[in-house]
1. So how far apart, in nm, are the two label points at ALA121 and ASP64 if each is 7 Å from Cα heading toward Cβ?
2. Using each residue's phi in region 236-241, evaluate 6.51 cos²θ - 1.76 cosθ + 1.60 at θ = phi - 60° and report the 3J(HN,Hα) Karplus result to the nearest Hz, with x for Gly and Pro.
3. So for the pair MET1, GLU249, with labels modelled 7 Å out along Cα→Cβ, what separation do we get in nm?
4. How far apart, in nanometres, would the label points at GLU23 and GLU237 be if each is projected 7 angstrom from Cα along the Cα-to-Cβ direction?
5. Calculate the FRET efficiency for ARG128 and ARG206 from the Cβ-Cβ distance with a Förster distance of 35 Å, rounded to the nearest 0.05.
6. Keeping the other protein chains in place, figure out the carbon and sulfur percent of the accessible area of region 110-177, with a 1.4 Å probe.
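The values are calculated or read from the model by the stated rules, or taken from the named source; none is laboratory data. What you are looking at is a predicted structure, and each value in this text was computed from that prediction instead of being measured. Methodologically, a virtual Cβ is constructed for each residue, glycine included, from the backbone with ideal geometry; neighbour enumeration extends over all protein chains shown. Note: areas computed on protein heavy atoms with side chains; ligands, DNA, RNA excluded. Shrake-Rupley method; radii C 1.70, N 1.55, O 1.52, S 1.80 Å.
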Amino acid sequence: MKMLTKCPMCNSFEDEADDHLYELELTEEKVYEFTCKEGHENVLVLRNHSFEMLFEMGLYALNDGYSREAAANFAAAIERFHEFSIAVFAQEHGGEQSDSSDVFRIISQEFDDEYQNSWKAISKQSERQYGAYIMLYLITFKRTPILMKDKYITFRNDVTHKGIFPSRVKTEKYARATFDYIKTKLLELKTIAPKSVDYVFSKELRDFKEGQIERYNGKVVVDYRINTSLRVDCTLEEINNKNFDSELEDASSYPFFKREIR
């Protein structure tokens, strides 16, 4: 999958000229370098969490008629949202509270190291992550989470493990259920643990700036956000007002990803 962007120094998205669009291969690193035709050296640091991008890619695939690819992206979006949520729960319960209530809560380096070591034990096993999410949700909210219905779990397993080719109708129903699931859980997280959500969401960017910013000396470093359907940095009101049908329609209009339909 390729992202489409423009040079922050000399272009805006109001200009849709193709020769001003630059293709960037989407990778897990989320740091993209390119030089525009005017010679500006740019470094884009993508601030979208993986679950936001995966869900958006699912909408693109659904609109383009690739139901199986769409379903796989929606399923992956849920798993990566659980990963994000586990990190938020850990921050909320394990982070150290500053003496001043006005100072941002931070995870101590010692706890952060322990968290990373613990995460390694479940990072490659989605079932363990699922179990961790359920129990941490219980500890945080004092109730059992409402999870995806069994029929959607079966649908996901059939697509992922059995290799079925789902219909557009069934895939869209799964997409809608995924949207509602992540939206509801994101609202809950931002309501009960807003500082922890903000901390975890911005951690990747902070780590990048602290560890690599010097190597890009002289280049334009941009904190880059794609306007995805599900966004952690939206307000509670903005998230609450989002609806699936509008987001599905909008995904067919904005040039954030390159469409290669043959």
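1. My value for the distance between the label points is 4.1 nm.
2. Taking θ as phi minus 60°, the curve returns 4, 5, 5, 5, 4, 7 Hz for region 236-241.
3. Taking the two extended label points, one gets 2.3 nm.
4. For the pair GLU23/GLU237, the computed spacing is 4.2 nm.
5. Numbers: r = 27 Å, r/R0 = 0.78.
After rounding, the FRET efficiency stands at 0.80.
6. Details: 2680 of 4720 Å².
That share works out to 57 percent.
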